[in-house]
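Here's the structure, in structure tokens; my notes come after.
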Amino acid sequence: MSGQGFVYGIAAAITCAIQLTGYAVAYSLKTETFYDILGGVNYLALALWSAIAGSIDAPLNWVDDPRKILVTILFICSRGWLLVFLAWRAHERKGDSRFDEVLGKGGGQPQPFGFFVFWMAQAFWVFLISLPMLFVNSSQVNKPGFSAYDIAFAILFCAGVLIEILADIQKALWVKRGRKGDFCTDGVWAVSRHPNYFGEIFQWWCLFAFSYSSSSNNGYADPLWWVGILSPLFTMQILLTMEPTGLCNAEGKNLKRYYDKCPERYSKYRENTSILIPMIGYKYVPMFLKRTIFFDFEKYEYKPKSDGSVKND
């Protein structure tokens, strides 16, 4: 097995071990309390492993390779924030309603396989998101300096992380202040309906692009570099299309509370505010662009039936 293949293989094994152990313990205790926390710990474990193992037979030790140092620090900052925020949120909410059905909290039968699927989905997400970082840390390429291309995408990655952090903090403070105005329009929430999701998606596209310079075959010809595109693509799949999380959980039928309380104000907010990409002047964007490159798909619309119930797409 090649040096990079060894790093990837052990990273996959570490991920499976953490998530399977978490599932077994969590199901025995009938709790989801440390689900998100173990996701964050898993990210940090992969960063540590790849930093150590990636130095084996490499031209430079990790401590002497600024490219590997930078990508590891950026990755740890991103996932470290996620770990802290999700741990705090789990404490504040005293649980996660996503797991009520599979854990039988509503009086139904527990669903061990359904709970297992949640943990395996997290295993896939952790490993796939980490691919660009694993690629850089396991690379045998000796490029100690940074090109303008590298610097640009490192800065853009930081911007994505910062947007996500700001969005999380601003939303948390808004909730603490009593949810004034019924829906959050503070800070970055004034220019995006889901800036936290944008920051999460954007940063992994940037890290994938940054990892290009660590390819031994000019990037475009390196199949392992192309595998890294699964990081942003899988993140988009989770946040844009999968229930019960991301936009599918936040939009559609779950908008009922806004249309019941403040239909005119919320309709205006939706018309003027991008669903994902922070921007000004969204109301002037043609509908066909909103439905395509801006990801404001029709399935995210609130569609009440004539009898007052909500239509599910």
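The values are calculated or read from the model by the stated rules, or taken from the named source; none is laboratory data. In this text the structure is predicted, and so the values were computed from the model without any measurement. Virtual Cβ from ideal backbone geometry, glycine too; neighbours counted across all protein chains shown. These accessible areas exclude ligands, DNA and RNA; they are computed on the full protein's heavy atoms, side chains included. Shrake-Rupley method; radii C 1.70, N 1.55, O 1.52, S 1.80 Å.
This table checks each residue for (1) on the phi > 0 side of the Ramachandran plot; (2) open to solvent by 40 Å² or more (accessible area, probe 1.4 Å); (3) in a helix (DSSP H, G or I); (4) touching a residue at least 60 places away in the same chain (Cβ under 8 Å).
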residue: Gly5; (1), (2), (3), (4): no, no, yes, no
residue: Gly9; (1), (2), (3), (4): no, no, yes, no
residue: Gly39; (1), (2), (3), (4): no, no, yes, yes
residue: Tyr43; (1), (2), (3), (4): no, no, yes, yes
residue: Ser50; (1), (2), (3), (4): no, no, yes, yes
residue: Ser55; (1), (2), (3), (4): no, no, no, no
residue: Arg67; (1), (2), (3), (4): no, no, yes, yes
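Hey, any hits in the stretch 160-170 for a residue that's within 30 Å of Tyr259 (Cα to Cα) and open to solvent by 50 Å² or more (accessible area, probe 1.4 Å)? Looking through the stretch 160-170, at least one residue is within 30 Å of Tyr259 (Cα to Cα) and open to solvent by 50 Å² or more (accessible area, probe 1.4 Å). Scan the stretch 216-229 for residues that are surrounded by fewer than 21 Cβ atoms within 10 Å (Cβ to Cβ) and either within 16 Å of Phe75 (Cβ to Cβ) or more than 17 Å from the chain's Cα centre (by Cα) (or both) and jot them down. Matches in the stretch 216-229: Ser216, Asn217, Asn218, Gly219, Tyr220, Ala221, Asp222, Pro223, Leu224, Trp226, Val227.
Kindly check whether there is at least one residue in the stretch 249-271 that is farther than 22 Å from Trp189 by Cβ, loosely packed, with under 13 Cβ neighbours inside 10 Å, free of Cβ contacts under 8 Å to residues at least 12 places away in the same chain and charged (D, E, K, R). Looking for residues that are farther than 22 Å from Trp189 by Cβ, loosely packed, with under 13 Cβ neighbours inside 10 Å, free of Cβ contacts under 8 Å to residues at least 12 places away in the same chain and charged (D, E, K, R), one finds none in the stretch 249-271, hence no. Cβ separations smaller than 6 Å between residues 6+ apart or across chains give the following pairs from the stretch 149-167 residues that are in contact (Cβ under 8 Å) with a residue 60 or more places away in the chain to residues that are open to solvent by 10 Å² or more (accessible area, probe 1.4 Å) and among the small types (Gly, Ala, Ser): Asp150/Ser213.
Exactly one residue out of Trp119, Trp189 is of a type outside the set (A, V, I, L, M), surrounded by 15 or more Cβ atoms within 10 Å (Cβ to Cβ), part of a helix (DSSP H, G or I) and modelled with pLDDT of 95 or more: that is Trp189.
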